[in-house]
Amino acid sequence: MANTLRLYLTCIRNTLEAAMCLQNFPCQEVERHNKPEVELKTSPELLLNPVLICRNEAEKCLIETSINSLRISLKVKQADELENILTKKFLRFLSMRAEAFQVLRRKPVQGYDISFLITNYHCEEMQKQKLIDFIVQFMEDIDKEISELKMSVNTRGRLVATEFLKQFI
Amino acid sequence: MILLQSHSRFLLQTLLNRVQNLEKSVELDYHWVEFDDVRYHVQVSMKNPHILLLSVSLPTPPLEAVFLGGLPFGAIEAIKAAYGVIVQILDPPRDGFNLTLKLNLSKLPPDEEYKHALLVKIASVREVVLGAPLRVILKYLASRTVAPDMDHLVALVHRPNESFFLVPQQAEKVTVVFPMRFKDSIDTVLATSFLQEFVESRRTAGLSNAPPCLWSHSPPLELKGATDDALSANAGFVTFVIFPRHVEGKKLDRTVWNLSTFHAYVNYHVKCSEGFMHTRMRRRVESLIQALNRAKPDQEKTKKTAHTRSFKRLSLKDSCTNSSS
């Protein structure tokens, strides 16, 4: 289980290193506008082939690149009903704070749980390697957080039940 | 505080304050609400500082558990038995309340411990009144007899417009069924996982004396004959089987309180759990933002130039190469 996680993350890291070559590109259609081309997808010559990396049916990562921006969409594993609501709650919590994260997208791309949008401006401000480190660490942290939340719910449930039943003895 | 306590802390505090300052005349008029829509009103007037009027309003019962005479059955006897001469039931109760009690605080027993215990009992008026019908049925169980002319399926109110069910007709056991309903979908999922833990943890050693407990998604057989809206529950049905050993002696009061507030207990812990998750998520967000800030090299540079001066040392080799190129 841990092995596939390492491989998955290494693959994503390598793809990001190759894809993160962004440069400033003013908009071709409208004067004096500068838009992230990966969001608009109007000119095919500015877009690269999107790459889809699947760990299994439930977990995948879509990396779409263009000349001045890069979009990473993640789908996180959700095994049961409880994990489903915990993931939704946590990722919504993060997405609402997208302003603080700068590279996070407020709404995930259709069919995915969370999305990042990295533009050339971010690459100018931050080091490329550290940015990739951050994305990979983010993915690990999401997994860890969801499993810890689930464990805390189960532990609390166990404690609540035991205390209640002990009252009857 | 894991378990819900049977006395209302605010009411106990008010009573203790009054008893300590019995001779001081003061005007009190407090209204407050507790969980599951139980409202209290306390009134003390300047003319009679040792008389305290306590009014209680109970949650609205659904159709199958309607109060006859405005109070659950057995409530008046339970009040008289628990409080004795200190308390007088006023009939009719104040407007908007199910029960009004006139407490004569000068008639409290002089012994400190006994007085405190009685005040705690008065602050647990909710347990005495709402739990009265359950207490009556469980008392029969403790004496291993069957209650005369009791219905096959008894519905008792525990939340506004919701009730739980008892099957009291066997002498050796009483089956209690709780339909669990939650408004929010997240609450429902969390509660379902908690309720399944009840079944799991009973299997562990040391709890084999606790009442057997079952959880099912669909209404159990005991609820055959109940109305349709009583049978809809989005977090399933919990069944407890209570035996005489759970209600003998001192345990009766505790069992009555725990069963009356079971739904409130689960709800309370679901909400605590959500609060805890929020705290965790906020901490995680902070640590992630710190990780992101490490990706920015600019901040370190400005720190350095403010306090230190850094020189780049030129060696002879460098100067040689510079001049040649």
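What the table shows:
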read-out	value
Computed helical MRE - 222 nm, the protein assembly as shown, DSSP H runs ≥ 4 contributing -39500 (n - 2.57), nearest 500	-14000 deg cm²/dmol
Inter-chain Cβ neighbour average for residues B:83-91, partner chain, 10 Å	0
Among A:25, A:74, A:63 the positive-end extreme of the charge dipole of the stretch A:1-166 (Cβ point charges)	A:74
Mean Cα-pair separation over length for the stretch B:128-167, i.e. relative contact order, pairs under 8 Å, 6 or more apart, %	30
Residues of type lysines that residue B:296 reaches as a straight line, Cα spacing below 24 Å, ignoring anything fewer than 8 places off in the same chain	A:35, A:128, A:130, B:304, B:312
Given B:115/B:139; B:47/B:107; B:24/B:47; A:166/B:115; B:80/B:173; A:77/A:107, the pairs whose alpha carbons are separated by over 21 Å	B:115/B:139; A:166/B:115; B:80/B:173
Partner aspartates and glutamates for residue A:144 [C-alpha distance under 19 Å; skip if fewer than 8 residues away on the same chain]	A:59, A:80, A:81, A:83, A:113, A:133, B:274, B:286
Percentage relative contact order, chain A, counting C-alpha pairs under 8 Å, at least six apart	20
Local electrostatic count, residue B:96, Cβ distance below 13 Å [Lys/Arg +1, Asp/Glu -1]	0
For the stretch B:153-231 versus the stretch B:243-298, the gap between their alpha-carbon centres in whole angstrom	21
Shape category assigned to the stretch B:9-274 from the gyration tensor of Cα positions, a/c cut at 1.5	prolate
Whole-angstrom gap from the stretch B:38-110 to the stretch A:115-166, using each part's C-alpha centre	52
For residue B:55, net neighbour charge (Lys/Arg +1, Asp/Glu -1) across residues whose Cβ lies under 12 Å away	+1
Electrostatic dipole magnitude of the stretch B:1-132 [Cβ: Lys, Arg +1; Asp, Glu -1; Cα centre; debye, to 20]	320
Added length on full extension, which subtracts the Cα-Cα distance from 0.36 nm per residue, residue B:112 to residue B:33	25.5 nm
Rounded, prolate or oblate (a/c below 1.5 giving rounded, otherwise prolate when a/b exceeds b/c) for the stretch B:40-160 by Cα gyration tensor	oblate
Shielding by partners, peptide B:277-283 (average Cβ within 10 angstrom, other chains)	4
12 Å beta-carbon shell around residue A:98, net charge (K/R +1, D/E -1)	+4
Charged-residue dipole, Cβ positions (Lys, Arg, Asp, Glu), the protein assembly as shown about Cα centre, Debye nearest 20	1640
Shape call, chain A: gyration tensor on alpha carbons, a/c limit 1.5	prolate
Cut-off under 5 Å, modelled amide H: who pairs with residue A:27 long-range	A:33, A:34, A:35
Furthest towards positive pole of dipole, B:25, B:44, B:69, structure part the stretch B:1-115, Cβ charges	B:25
10 Å Cβ neighbours from other chains, averaged over peptide B:245-258	1
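None of the figures in this text is laboratory data; all of them are computed from the coordinates on show. Only a predicted model underlies this, so the values are computations on that prediction, with no experimental measurement involved. Note that we place each Cβ from the backbone using ideal geometry, even for glycine, and neighbour counts take in every protein chain shown.
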